[in-house]
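These notes are about the structure you will find just below.
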Amino acid sequence: MKLTRRLFGGAAMAAALMTGSVAQAQDPVRIALVVKALGIGFFEAAAKGAEEAAAELGNVEVIYTGPTDTTAEGQIEVINALIAQQVDAIAVSANDTDALVPALKKAMQRGISVISWDSGVAPEGRQLHLNPSSNPLIGNMIIKLAADELPEGGKVAVLSATTTSTNQNIWIEEMNKVLGNYEGIEVVGTVYGDDLADKSYREATGLMQTYPDLDAIIAPTSVGIVAAARAVEDAGKVGEVNVTGLGLPSEMAGAIESGASKSFAIWNPIDLGYSATMLAYQLATDAAEAEPGAEIPMGRMGTLTLDENTEGAMADPFVYDESNIDEFKGIF
Amino acid sequence: MSLLKSREALLGGAILLLLALIASRFPGFVAPDNLARVFTDTSPLLILALGQTVVILTRCIDLSVAANLALTGMVCAMLNAALPGVPVVVILLLAVTLGAVMGMVNGLLVWKLSIPSIVVTLGTMTIYRGIIFLISDGAWVNAHEMSAAFTGFPRAQIAGLPVLAWFGILAAAAMVLMINRTPLGRAFYAVGGNPHAAVYTGISVGRTQFWAFTLSGALAGLCGYLWVARYAVAYVDIAGGFELEVVAACVIGGISIAGGAGTILGTILGALFLGIVKNALPVIDISPFWQMAISGTAIIVAVTLNSRNARAKGRIILRKAQEQTEGATA
């Protein structure tokens, strides 16, 4: 497969490439991790995960690269440079769904395996896309985080973004679907903070007043979860009301420290970089084929099952609590 | 004067009625503790509305207050994150100064270039927000990066009320004094009421408007620090759209958009009215889908009541003038 793809590149290069391919067994597999921009904590952490995967696989060289600002043009330049370098695989977190497609198509024509991760590329521009998680997994995780702290059951309320936020509405819907699995947990209401710090704060305060015996506030939005934690601290209800949901470690470190939030979740960039590298390796070495329904192993993260759009979800959102917050708060 | 008094009395009555209505559904709302909390929550709105009142009195409008607040807040937060040792007093002074400078930019453009204030402040609003993005790179300043003194100051209790509430009370008291007892305070009314007459009495319209914007900016800057410290987070979009609430508080309070009419007491009541509505809606179990509609209706009802009061006065003048012209032609 590799050989035929390489031949595609041009007859003039064929002889050289054939010898190159024969030597491939000893040469390391070169996987380029292309990120939205260099210098972003989230992606630096992903690169760390990629190095971990490379060390585990042994015969892999990771090239961590990206533009200096988050533009599609910058990424296209980087991708063209990688094509010229004849890397074996490109794993990209795209700044634009469509703009990268022509460059990535060219890469695939030259026999380079292409996957997207985190932020996807249109299907024709990649072989598979790795989502950090999926809506059902997120919906389940946010209620699980609240329920885990309430073994006896209890009342929880949801603080969402706006009434029309698509992501939040889907996650809350998925949460309600699995609510039956958590015995004794009652969702008493959903309020909307419009992703404004002051309105979210007021709504959280209102929830604590309306339901004096409230046990947890679930906020699947980064502005809301921070504001709710602040409201709980100011109301003197730390320990009574647990704030949980989706947030970033850097933003939530204060709330974990004060005890207003026991735990929260978001994707783990290290795992994401690790999985992307594993998947790219599988495709580059022809050990796996990216087609709907395929199950591709990704080391310690299990297997990725591709849907009809050749997309897959990596895992449950990663849980952050006082045991690991210090490690991650400097990362993203 | 009796007309103005009755307008404030009407609004005061509306607030009491509102409180009674809320108490019938959620009695805990009118507990003294909670009312103090609501007042504290309303203080930033009140302080900004006081500044906005002065600007509106001079026939201008300041749409950049929320952006000014956000930029000052971000600067304070970044300073605190970088140098946690800087005392809160210095940060407060910096906030007021920075806010005043941004207000002066508005004021100078309105004064020296005679650009309509709505255009000037619409522009500076976007510019200030843009600057936040430039200095912060879009990143947040988070609770754990701020010092305890920085976030603790607005919520420190003095005589049972948090400092944030005291700032609201002090600002209101100072503004009442300034408006009623200083030449500048009277000049705001003169400039808004009749700019031509003001010029003949030796008041510079542009200079008065400049000071109005400076005052509004300084108060917005003060709120910038208080806001960021209260919510313990600073990012580009804080207080997004808040300028409209500020203008609404003034309008509900009976400050005429045409300038020159309205009282500080009206603004205070207007801000309290909005603050009570905003704090009550989450606890009285009304669908979030209705909340915005209810807030909007409250504004329109209040303004209608105000304008009905004002209209009676205008009609009489017109009728007299009409009779006179009719008499002259006949």
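The values are calculated or read from the model by the stated rules, or taken from the named source; none is laboratory data. Just so we're clear, the structure is a prediction, and the values are computed from it rather than from any experiment. Reconstructed Cβ throughout: ideal geometry from the backbone, glycine too, with neighbour counts over all protein chains shown.
Can you name every residue in segment B:76-91 that is out of contact with any helix residue (DSSP H, G or I) (no Cβ under 6 Å at 6 or more places or on another chain), outside any loop (DSSP other than H, G, I, E, B) and either closer than 24 Å to B:Gly138 by Cα or of a type in the set (Gly, Ala, Ser) (or both)?
B:Met78, B:Leu79, B:Ala82
Considering segment A:298-326 alone, what residues qualify as being outside any loop (DSSP other than H, G, I, E, B), more than 14 Å from every other protein chain (Cβ to nearest Cβ) and more than 14 Å from the chain's Cα centre (by Cα)?
Step one: of segment A:298-326, the residues outside any loop (DSSP other than H, G, I, E, B) are A:299-301, A:303-305, A:311-313, A:318-321, A:325-326.
With more than 14 Å from every other protein chain (Cβ to nearest Cβ) added as a condition, the list becomes A:299-301, A:303-305, A:311-313, A:318-319, A:321.
Passing the criteria: A:Gly299, A:Arg300, A:Thr303, A:Thr305, A:Asp321.
I'd like to verify a number: residues in segment B:129-160 that are touching a helix residue (DSSP H, G or I) at 6+ places or on another chain (Cβ under 7 Å), of a type in the set (Gly, Ala, Ser) and within 12 Å of chain A (Cβ to nearest Cβ), how many?
Looking only at that region, the number is 2.
In segment A:211-230, what residues are buried (at least 24 other Cβ atoms within 10 Å of the Cβ) and part of a helix (DSSP H, G or I)?
A:Val223, A:Gly224, A:Ile225, A:Val226, A:Ala227, A:Ala228, A:Ala229, A:Arg230
Within segment B:125-143, work out how many residues are within 21 Å of the chain's Cα centre (by Cα) and more than 20 Å from B:Ile257 (Cβ to Cβ).
Total meeting the criteria: 4.
Filter segment B:28-76 down to residues that are within 14 Å of another protein chain (Cβ to nearest Cβ) and not β-branched (Val, Ile, Thr), then give me how many there are.
Final tally of qualifying residues: 20.
Only one residue in A:Glu251, A:Glu233 is at the interface with chain B (Cβ under 10 Å from one of its Cβ atoms), in contact with a Phe, Trp or Tyr (Cβ under 9 Å, 6 or more places away or on another chain), free of Cβ contacts under 8 Å to residues at least 40 places away in the same chain and not aromatic (Phe, Trp, Tyr). Which one?
From the options A:Glu251, A:Glu233, the qualifying one is A:Glu251.
Residues in segment B:286-296: is at least one outside any loop (DSSP other than H, G, I, E, B), polar (S, T, N, Q) and either modelled with pLDDT of 90 or more or within 22 Å of A:Thr162 (Cβ to Cβ) (or both)?
Step one: list which residues in segment B:286-296 are outside any loop (DSSP other than H, G, I, E, B), which gives B:288-296.
Add one more test, that the residue is polar (S, T, N, Q), and what stays is B:291, B:295.
Next, from what is left, pick out any that are either modelled with pLDDT of 90 or more or within 22 Å of A:Thr162 (Cβ to Cβ) (or both): B:291, B:295.
Yes, segment B:286-296 has at least one match.
Would you say A:Val243 is buried (at least 24 other Cβ atoms within 10 Å of the Cβ), away from every other protein chain (no Cβ under 11 Å), of a type outside the set (Asp, Glu) and under 18 Å from A:Ile172 (Cα atoms)?
The answer is yes for A:Val243.
Test each condition in (1) more than 20 Å from A:Met278 (Cβ to Cβ); (2) free of Cβ contacts under 8 Å to residues at least 24 places away in the same chain for A:Arg110 and report the one that comes out false.
(2)
Pick from segment A:161-210 the residues that are charged (D, E, K, R) and not in a helix (DSSP H, G or I): which of them is farthest from the other protein chains (Cβ to nearest Cβ)?
Within segment A:161-210, the match that is farthest from the other protein chains (Cβ to nearest Cβ) is A:Glu183.
For the list (1) within 14 Å of chain B (Cβ to nearest Cβ); (2) outside any loop (DSSP other than H, G, I, E, B), I need the number of the one condition that A:Leu279 fails.
All conditions pass for A:Leu279, except number (1).
Could you list, in sequence order, the residues of segment B:227-259 that are within 13 Å of chain A (Cβ to nearest Cβ), part of a loop (DSSP other than H, G, I, E, B) and surrounded by fewer than 22 Cβ atoms within 10 Å (Cβ to Cβ)?
Scanning segment B:227-259 gives B:Val236, B:Asp237, B:Gly240, B:Gly241.
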